[in-house]
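Reviewing the structure listed below.
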Amino acid sequence: MSWKRSDATENFFGTEVKDPYRWLEDEEDPQTQEWTHVHRKLSDKYFSEGYDRDGEYNRLKQIWNYKKYFVPEKVNGQLFYQFNDGLQNQACLYMKWKAAQKLILDPVTLSEDGTTALIQTSVSKDGRYLAYSTAVHGSDWQQIRIKDLSTGQDLPEKIDWVKFTSIAWDADNRGFYYSRFPEKGTVEKKDENNFNKVYYHALHSFQNKDDLIYEHPEQKELLFTPIITEDHKYLCLNVNEGTASQNRFYCRPADEPDSPFIRLLDQQDAEYTFIGNTDSTLYFKTDLHAPKGRIISVNIEKPERENWREVIPEKEETLERVMVANGKFVAVYLDKAVHKISVYGLDGQFVNTIPLPAQGSLTGITASKDDREMFFGITTYLNPGIIYVYDMETENLQEWARSEPSFPAEDYKTEQVFYKSKDGTEISMFLTHKKDLMLTGQNRVLLYGYGGFNISVTPSFNPGIVRWLEQGGIYAVANLRGGGEYGEEWHKAGMLEKKQNVFDDFIAAAEWLINENYTKPEKLAIMGASNGGLLTAASMVQRPDLFGAVICRVPVIDMLRYHKFTIGRYWMPEYGDPEKDEQFSFLYRYSPLHNLSEGETYPPVLIATAESDDRVVPAHAKKFAAALKDIASSDSKAVLRLEAKAGHGLGKPTSKQIEEWADFYTFLNKELD
């Protein structure tokens with residue numbers, strides 16, 4: 001079937017750019033719906049023929065069937081934690097008091113198909129009320145409900161139009177602060193993700209009675225995250241502009257609702273992550289004059305910069321997060337993409353290092369200002385996670401819960417290697433495989449990367465990868481520039497006009513694996529999602545000779561129009577603004593949609609998206625698939641996987657994860673073999 005080509009053309013600073021697939025952006029267009037229907041049928045046919053998909057699905061289901069514990073949080077002497085007994089579509093929320101365990105919330109009861117996910121929980125300080133948010137079909141939009149834990153019943157009110165918010169309870173447990181966007185229909189469609197405002201919700205009242213606490217309509221792009229200090233002395237607002245690392249910070253006395261917010265940090269010149277306070281002294285993790293992070297203190301009564309004090313200076317390792325526990329700083333560092341924990345006094349004096357039982361990543365860490373117990377979890381590429389409880393006074397570390405893997409992890413190993421990128425920069429990469437693996441140059445390799453938004457890619461367990469390993473495959477994860485593994489300089493080296501460095505780093509990883517006799521191009525697959533989907537698409541377009549298969553998940557593809565869809569404008573600090581001359585130039589230079597070559601043979605690519613993705617809209621994937629089928633050689637293969645009742649990945653139920661990975665392996669086994 002032939003499809004129309006739009007004559008849409010835009011002039012960018014003298015450059016005429018055609019957009020023949022723009023009609024695919026309109027989900028209501030009958031031809032878009034027909035095109036989608038046809039490609040869904042083609043996808044179903046592809047996955048059902050020529051390979052034992054059912055065998056993959058059944059084995060993945062076995063691998064996924066293990067107990068999964070999540071790091072608990074202590075509130076008023078009670079522990080709240082999530083747990084999945086194996087194949088539950090969503091983890092359940094439990095409360096533990098002394099030896100008694102009680103089921104608080106089972107998200108599966110919220111929808112028959114398990115596609116309503118529990119996203120956020122916040123317990124009032126007295127432990128009586130649970131505020132929790134849910135999302136349907138993977139959407140970023142959430143709804144907040146409140147459960148009375150003394151009765152087990154939900155209160156009648158519901159809070160809508162929220163995403164990316166916190167839930168900050170007040171001192172008397174009568175309500176909480178949150179942020180929300182305008183109700184749909186009250187603003188133009190293009191502003192549905194603008195005009196974020198902070199509200200206070202009093203329990204036993206409906207949302208239309210909530211008090212407006214703060215707004216800044218003159219800068220409609222700002223996002224607000226309300227915070228109540230642990231001593232309930234201050235109401236604070238973390239203020240962000242999209243995904244920019246730099247932020248602002250406002251505060252006011254919590255018991256003075258009529259007083260204006262003090263714009264304590266308003267320059268937006270660095271990252272300032274609030275840690276905690278001692279009376280009027282507030283502590284922040286910042287990268288101001290310290291790209292790998294340091295801790296400073298700012299006194300609200302003397303906020304001038306000359307009065308700021310450095311508490312813990314920058315170190316060789318990257319300071320990732322800090323919290324206050326038992327009157328001390330607990331600082332989490334990244335050392336070559338592996339986590340370490342150090343403890344300091346509030347005066348900055350070193351106390352001790354907490355010896356971690358495994359070289360891996362923290363899955364979470366919780367503690368309170370005055371409690372001696374701290375909980376944290378550790379995961380690796382081969383271990384789904386062990387949760388520990390640490391006594392801050394005795395320095396005693398004990399195992400609290402363990403998620404046992406459903407495969408013989410002792411038969412595998414992970415090693416970290418280092419290679420040089422195109423410009424000579426050293427990049428780290430983790431390789432996981434069987435211990436007795438022989439390097440023949442014929443090994444199948446799955447190379448994963450992300451490289452953006454200051455997000456660190458550290459060791460983590462994915463049951464989907466186990467299937468790859470047990471079939472003799474190698475799983476490689478590269479720590480590309482653009483991430484946060486080595487601080488803000490590392491991040492800046494892979495953003496805006498330097499984004500090409502990320503693709504160069506990824507391509508260099510592939511070349512190293514080939515040159516070191518791990519694999520060859522025909523046996524090398526690459527995978528990435530979201531910004532990582534952009535990574536895999538750009539790498540494939542730039543080096544089609546280098547890969548045997550490509551899995552491009554929920555990708556950002558059209559770099560000239562990405563900012564026009566849903567929350568795409570949030571990413572402009574990272575990617576750039578195509579409506580600015582100098583930034584258009586570098587975006588156009590690597591945009592995957594605009595750099596496909598006529599008649600080129602590209603490696604087989606699986607483009608996976610979801611119909612409810614309101615973060616990276618499916619139009620990106622659809623336009624890329626259409627362009628490949630139209631422009632590339634007939635020897636190229638592009639499979640579009642469009643998932644129903646799913647979004648960008650948030651809260652995806654277990655059953656859908658297993659289905660997805662079964663399709664991934666069907667694709668890899670068909671194309672690499």
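The values are calculated or read from the model by the stated rules, or taken from the named source; none is laboratory data. As the structure is a computational prediction, the values presented were derived from the model and not from experiment. Note: ideal-geometry Cβ built from the backbone for every residue, glycine included; neighbour counts use all protein chains shown. Quick note on the areas: whole protein, heavy atoms, side chains included, nothing else; ligands and nucleic acids left out. Shrake-Rupley method; radii C 1.70, N 1.55, O 1.52, S 1.80 Å.
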What residues of the stretch 25-64 lie in the reach of a label at D673, counting those whose backbone N is under 17 Å from a point 7 Å from the Cα along Cα→Cβ? 46-60
Once ligands and nucleic acids are excluded and a 1.4 Å probe is used, how much of K45 is accessible, expressed in Å² to the nearest 10? 110 Å²
Once the whole set of protein chains is in place, how much accessible area is left on M392, using a 1.4 Å probe, in Å² to the nearest 10? 10 Å²
Probe radius 1.4 Å, ligands and nucleic acids ignored: give me the carbon and sulfur share of the accessible area of the chain as a rounded percent. 45 percent
Work out the length of the dipole vector of the chain about its Cα centre, built from +1 on the beta-carbon of each Lys and Arg and -1 on the beta-carbon of each Asp and Glu, and round it to the nearest 20 debye. 1080 debye
With -39,500 (n - 2.57) per DSSP H segment of 4 or more residues and division by the full residue count of the chain, the 222 nm estimate, nearest 500 deg cm²/dmol, is -5500 deg cm²/dmol
Cα centroid distance between the stretch 260-298 and the stretch 582-619, in Å? 38 Å
In nm, what is the difference between 0.36 nm times the number of residues separating Q398 and K67 and their Cα-Cα distance? 117.2 nm
Can you give the relative contact order of the chain as a percent, counting alpha carbon pairs under 8 Å and 6+ residues apart? 11 percent
So how far apart, in nm, are the two label points at E188 and T281 if each is 7 Å from Cα heading toward Cβ? 5.0 nm
Taking amide H positions as placed in the peptide plane 1.01 Å from N, state which residues far from G360 in sequence (5 or more) or on other chains have amide H under 5 Å from it. H339
Size-normalised alpha-carbon gyration radius of the stretch 413-566, reference 2.2 N^0.38 Å: 1.00
Loop-resident trypsin sites (Lys or Arg not before Pro) in the stretch 136-176 with no more than 16 other Cβ atoms inside 10 Å, DSSP not H/G/I/E/B, are K158, R174
Furthest towards positive pole of dipole, Y94, A619, Y448, structure part the chain, Cβ charges: Y94
Leaving ligands and nucleic acids out of the surface, order E314, E271 by accessible area at 1.4 Å, largest first. E314, E271
Yeah, the stretch 628-673 with a ≥ b ≥ c from its alpha-carbon gyration tensor (a/c under 1.5 is rounded, else prolate when a/b outruns b/c, oblate otherwise) is oblate
What nm value, rounded to one decimal, do you get for the distance between A644 and L346 when each label is placed 7 Å out toward the C-beta? 5.7 nm
Compute the FRET efficiency between K492 and S633 as 1/(1 + (r/R0)^6), taking r as their Cβ-Cβ distance and R0 = 41 Å, and round to the nearest 0.05. 0.60
Expressed in square angstrom to the nearest 10, the accessible area of K4 with a 1.4 Å probe stands at 100 Å²
Using a Förster distance of 60 angstrom, determine the FRET efficiency expected from the C-beta separation of L42 and S205, and round it to 0.05. 0.70
Helix 30-48 versus the longest principal axis of the chain: what is the Cα-based angle in degrees, 0 to 90, to the nearest 10? 80 degrees
D391-D29 FRET efficiency (beta carbon distance; Förster radius 51 Å; 0.05 resolution): 0.25
Rounded to the nearest 10, the angle in degrees between the Cα long axis of helix 654-672 and the longest principal axis of the Cα atoms of the chain comes to 30 degrees
Set of lysines with alpha-carbon distance to K233 below 24 Å, sequence-local pairs under 8 removed: K74, K125, K197, K285, K302, K328, K369
Would you work out the charge dipole size for the stretch 211-344 about its Cα centre, treating the Cβ of every Lys and Arg as +1 and the Cβ of every Asp and Glu as -1, and quote it to the nearest 20 debye? 540 debye
Please give, to one decimal in nm, the separation of the simple spin-label points placed at N58 and E218, each 7 Å out from Cα toward the Cβ. 6.7 nm
Note to self: with every protein chain in place and a 1.4 Å probe, the chain gives an accessible area per residue in Å² of 41 Å²
Please give me, ordered by residue number, the GluC sites (Glu not before Pro) of the stretch 497-536 that lie in loop per DSSP and have at most 15 other Cβ atoms within 10 Å. E516
If you fit an axis through the alpha-carbon atoms of helix 581-590 and take the longest principal axis of the Cα set of the chain, what angle between them do you get, 0 to 90°, nearest 10? 60 degrees
Taking the stretch 356-455, which GluC sites (Glu not before Pro) meet the DSSP loop condition and have no more than 10 other C-beta atoms within 10 Å? E393
Given the pairs K41/K189; K434/K499; K96/K656; K67/K652, which are separated by over 22 angstrom at their Cα positions? K41/K189; K434/K499; K96/K656
